[in-house]
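This report concerns only the one structure given below.
The values are calculated or read from the model by the stated rules, or taken from the named source; none is laboratory data. Note that the structure is predicted; figures quoted are calculated from it, not measured. Cβ placement follows ideal geometry from the backbone for every residue including glycine, while neighbour counts extend to all protein chains displayed. To get the accessible areas, we keep the full protein, side chains included, count just its heavy atoms, and leave off ligands, DNA and RNA. Shrake-Rupley method; radii C 1.70, N 1.55, O 1.52, S 1.80 Å.
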Amino acid sequence: MNYTVFFRLQLKRLWKSKSILLLLLLFPLALFVLSLGFRTEEDSRIPAALCLETDDPLAKALCQKLLAGNDSLFRFLEAPSKEELIRFVESGRAECGYLFQKPLQAELDKHHLKNLITVFVSETTTCKGVLNELVYANLFEEYSLHLLKETLTAAGHLPFSNEAAAAFLLPPVTEEKIEHSYRSYLLGSDTFSFEVTFLSSKGTEDDAAGTAAAVFPLFRGFTAVFLLLCGFLALLTLHTDRQNGLYKRLHQIERPLCMALTMLSYLLPAGAVSLLALGISSCIRNLWWEVLSLSCYLLLLLLFYALLGTIIRSHTMLCAAFPMLLLCTLVFTPVIADLSSFFPWMKIVRYALPTYYYLLFF
């Protein structure tokens, strides 16, 4: 038995099927069009503007921190002058404008708390309160570091000499180390805090390209369902060939190999199309990992449908079983909604579904 010729004939039969070719063509196109809707070049965060007209170190540190853009809801723009700041607010480029003219650190040290920052507000904004809280929270976060250094200095702990550190077998204490420890404790879990994850079409901070892979794992779910469908179509073709007696004259050892080649004639092109679809949708981060995960999934589908075809011999029963399989895949695996997250006793169902193991790769 020449398995290469047999596989080539199976592929040739596949290419003659217009419906299968249309399916293979439409899937990457649909995934690409869908990914376009999630891509955006504009920053969707609410804009605010800053103008620094003082040499105060606290005001500089505050502006640098706000302009760094670590907040997930607001972004800050830098205005070169007071007039430009007002123009930003009037034109709608910024919801609010913050003008720093006074020496914040010196004024706060004197306990002068009134009118330290001038704020220009758009008439239509609803974010003034939240923005003010954000600016003042960052202001006193920076000012608290200044108070910490001042307190340590007043108590005689700074400057801390290297000789004193050696006497107590301690590492030298510097202002840089104090600042590092201070910011580490702000981000640490030693005090009560919330861990909040913001999801947006821009992706995570480490994902500068804003790829759909990080934000929309739904694409991988679509790919898994697409391959599940292609595997079922291969099973129907195999069942039809079996009813037509295609495998009856084959040797007992050759028969399962030819059946597997029939299934692979559908699964391998579908896998290649899936890899292409994920690529043009910017969902691939590691090509070799993607190839490995798809290969394992295709092998799992081959074994799963071989078992299903052995259990169910009726063409009608197979067609009736697939909607149930598809429904269980959508419900019990994280393709769209994983109900097992709300009902833990349902988790046992997903272990029987091949899609679940593919999604575990990611």
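The table for this structure:
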read-out	value
Pairwise label distance in nanometres, residue 101 with residue 84, each label 7 Å out on the Cα-Cβ vector	1.8 nm
Proximal lysines relative to residue 16, as straight alpha-carbon distance under 26 Å, when same-chain residues fewer than 8 apart are discounted	248
Estimated FRET transfer efficiency (residue 147, residue 123; beta-carbon r; R0 41 Å; 0.05)	0.65
Alpha-carbon gyration tensor eigenvalues x 5, square-rooted, for the range 1-137, Å	60, 17, 11
Cβ crowding within 10 Å averaged over residues, with 268-275, 113-120 ranked highest first	268-275, 113-120
Packing-based order for 283-296, 254-267, 231-244, using average beta carbon neighbours within 10 Å, highest first	254-267, 231-244, 283-296
Estimated FRET transfer efficiency (residue 176, residue 280; beta-carbon r; R0 41 Å; 0.05)	0.30
Within the range 1-36, backbone nitrogen closer than 13 Å to the virtual label 7 Å beyond the Cα of residue 251 toward Cβ	1-3
Rounded FRET efficiency, nearest 0.05, which uses the C-beta distance separating residue 130 from residue 328 and R0 of 45 Å	0.55
Mean accessible surface per residue for the range 253-339, computed with a 1.4 Å probe while every protein chain stays in place, in Å²	50 Å²
